[in-house]
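Since the structure comes first, as structure tokens, the remarks are kept for the end.
The values are calculated or read from the model by the stated rules, or taken from the named source; none is laboratory data. Because the structure is predicted, anything quoted here is derived from the model rather than measured. For neighbour counting, all protein chains shown are included, and Cβ atoms are generated from backbone atoms with ideal geometry for every residue, glycine included.
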Amino acid sequence: MIQIDTADARLLERNEARAYRVQSGGAMNAIFDVVEDQALDGQVVKFDVPFPYKGDLIMLRAGCFDDDNNQRVTFRLDHEASMEVASTDDALDIIADDDGVQFRLDLGKCKLGPMIAQMCKSDNRSAMSVGSQILDERKETINGQTVRVVTRARMTEISLCGEGAAGENAFAMVVDKTFTPKPVAGSRSATFNAAQALHKVARKVRNLKAQIAATYDAPPPPVRPSMTVGESNRLQTLETERMQKHARLLHCL
């Protein structure tokens with residue numbers, strides 16, 4: 001009897017499922033991978049770390065979402081209400097602790113799961129952002145800068161986006177649920193730490209590319225058109241007349 005390792009068996013099942021999707025669904029299913037066993041894990045914000053937001057510095061204090069235990073939170077693309085793909089009623093889990101807010105989105109249970117997986121894997125959209133209603137805040141001076149410190153807020157949605165306001169502390173990664181445990185409060189897995197490190201590097205590369213593009217792809221300064229022959233002749237005529245007038249004045253003196 002042939003013994004097949006559990007991991008090899010799961011890989012075989014996924015390959016068979018992918019082949020079936022390609023056979024039954026055509027080209028689009030050839031592009032997108034099977035996501036029944038995949039999830040999107042990551043973090044939407046790290047508490048007590050200021051970040052720029054609409055011309056200010058803002059910071060979410062640990063515990064600011066403590067009143068949100070029974071609130072429905074949606075998962076969107078680019079904060080667009082029309083692009084809601086899941087919520088805490090079905091495929092989304094929110095895990096908050098004193099360090100920040102983690103999440104898990106079950107890609108097999110949400111809308112557009114294959115597309116979301118592809119966008120995140122290709123780094124088209126691998127950042128996260130949080131949408132909330134601020135209920136209480138105050139201004140504090142932190143490291144010599146004025147910061148809006150949010151002490152109470154109601155989380156309404158989290159979004160997968162190209163670049164989140166919270167920067168390197170808000171990111172997403174595609175994981176295999178059969179091997180990667182669900183995020184838990186008070187802990188950050190090795191997978192989480194590795195994904196955050198990769199996210200930091202990816203952000204630096206994108207910023208560098210943007211700087212290079214701004215430097216070398218900027219439109220050239222406008223070129224002043226050359227003077228026509230007619231314009232040159234007119235200028236010479238005016239200059240000649242000016243000199244003749246000046247000479248007549250000197251002669252009269």
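Counting only residues that are in contact (Cβ under 8 Å) with a residue 60 or more places away in the chain and of a type in the set (S, T, N, Q), which one in the stretch 166-215 is surrounded by the fewest Cβ atoms within 10 Å (Cβ to Cβ)?
Thr178
Among the residues of the stretch 167-199, what is the count of those that are closer than 13 Å to Gly42 by Cβ, touching a Lys or Arg at 6+ places or on another chain (Cβ under 8 Å) and assigned to a helix (DSSP H, G or I)?
Selection size over the stretch 167-199: 2.
What is the residue count in the stretch 108-122 for residues that are surrounded by fewer than 18 Cβ atoms within 10 Å (Cβ to Cβ) and in a loop (DSSP other than H, G, I, E, B)?
Final tally of qualifying residues: 5.
Among (1) crowded, with 18+ Cβ neighbours inside 10 Å; (2) among the small types (Gly, Ala, Ser); (3) at pLDDT below 95, which single condition is Ser159 missing?
Here Ser159 meets the rest and fails (3).
Quick one: Leu105 ticks every box in (1) closer than 14 Å to Val44 by Cα; (2) without any contact (Cβ under 8 Å) to a residue 40 or more places away in the chain; (3) in a strand (DSSP E or B) bar one, so which box is it?
Condition not satisfied by Leu105: (2).
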